[in-house]
Amino acid sequence: MGFWKKKETAPAFVQLRQPDQHPFGLLNNCVPMRGGETQLCRAVREAVPIVDAAIYKLIRLVGGVRAQCPQARADEALNQFLKTVSVGRGQFGLNSFVDCYVDSLLTCGRAIGEIVPERGNRDIAALLCGRVDNLEIREGRNPLEFVICGPDEHGAVVPLPYQNLLLFTPLNPEADNPYGVSLLRSLPFLSDILLKIYNAIGVNWERCGNVRFAVVYKPQEKELSGVQAQERGQQLAREWASAMQSTKSGSVRDFVAVGDVDIRVIGADNQILDSEVPVRQILEQIVAKTGIPPFMLGLSWSSTERMSSQQADLLTTEITAIRRTLTPVLERICRLWLRMQGMSDQVEILWDDINLQDELEEAKAALYREQARKLRIENDAAEPQQ
């Protein structure tokens, strides 16, 4: 009795070729992921709170996914698996995996994951997200071929052994490299200017906000000799320091001096530059890059805080584009699990509805629909039967 052997098919013919070798052609067609760029994007997100808030809001809006299978038994089993699968670090469920995956996708422009099968390859034990810093892509002879490489136990970068268990998603990839583009790619320059302004504000408040006094004693002509004036100045300094020290403990102590003594606040006459206009201009550019309405990030730039239908449509389009990028990876996970269980791998990924409207507006829309339905039923009843 012979075994059925799958017929090997030839790879698809691709007309596109690389006209020349890329700058890293000497490294066996290995294009590094440029770990410095990912570190820079993470630094921007850590330094500018509004960027970090925008990323988290996009992650929350993107989340909410489930699968649907034609067979009821497969549908119930698959969704139970998606709710209980381990994703590492004490988290469970496909939605937790999607949150971590989208976080890396938006911040670094690419995301890497791994499907961990159980012993015997009859089930999936875990879904893990990896760091893109230590991974590289080795391109093949045409754009359809690439291999994910990583460090081995000796530190050498080699192709990872089980490519079929690796998940890789680029965000808006360009034609000249296999990697995606970070959402924060154009923000380092503006973030640097913004941090300079904030740092200058902090330094100025340290200089002028913490009040310092200049006590000047001017001896009158022939009032004191040089030695006596020096002793009088030291005495004034001691008394002034003692008065300030008493103020720290909560008691009030007057400072009494004899002679011409001038006390001024250092920096009181200094004018600090107005930072409202430049900071707002920079924040407008940052918010425009994220695609989130300003009021959702705590910025009150307009007289109303209601989201217009145009803003809701644009934000919905952005979220839908991110979901469209993630759908192939989720379908691959579900199909692999179904095949491991001996079931049909037909599956459809369903995302939760994006809810960006006010509850009051939704209630009004539901009321109008019911009123229209009632009028339609009454009109149908009033029409004569034919």
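Throughout, read-outs are computed from the coordinates displayed, never taken from laboratory work. Everything numeric in this text was worked out from a predicted model, so none of it was measured. Here Cβ is always computed from backbone atoms with ideal geometry, including for glycine, and neighbour counts include all displayed protein chains.
Placing pseudo-labels 7 Å out from each Cα toward the beta carbon at V158 and V277 gives an inter-label distance of 6.3 nm. For R339 and V116, the difference between the fully extended length at 0.36 nm per residue and the C-alpha to C-alpha distance is 78.8 nm.
Distance from the C-alpha centroid of region 56-117 to that of region 310-344: 9 Å, rounded to the whole angstrom.
Scalar couplings 3J(HN,Hα) for region 105-110, obtained by applying the Karplus form with A = 6.51, B = -1.76, C = 1.60 to θ = phi - 60°, are 5, 6, 6, 9, x, 7 Hz; x denotes Gly and Pro.
Annotation for region 113-221: trypsin sites (Lys or Arg not before Pro) lying in DSSP loop with at most 10 further Cβ atoms inside 10 Å of their Cβ are R119, R122.
Here is the list for region 140-214: GluC sites (Glu not before Pro) lying in DSSP coil, each with at most 14 other C-beta atoms within 10 angstrom of its C-beta, are E145, E153, E174.
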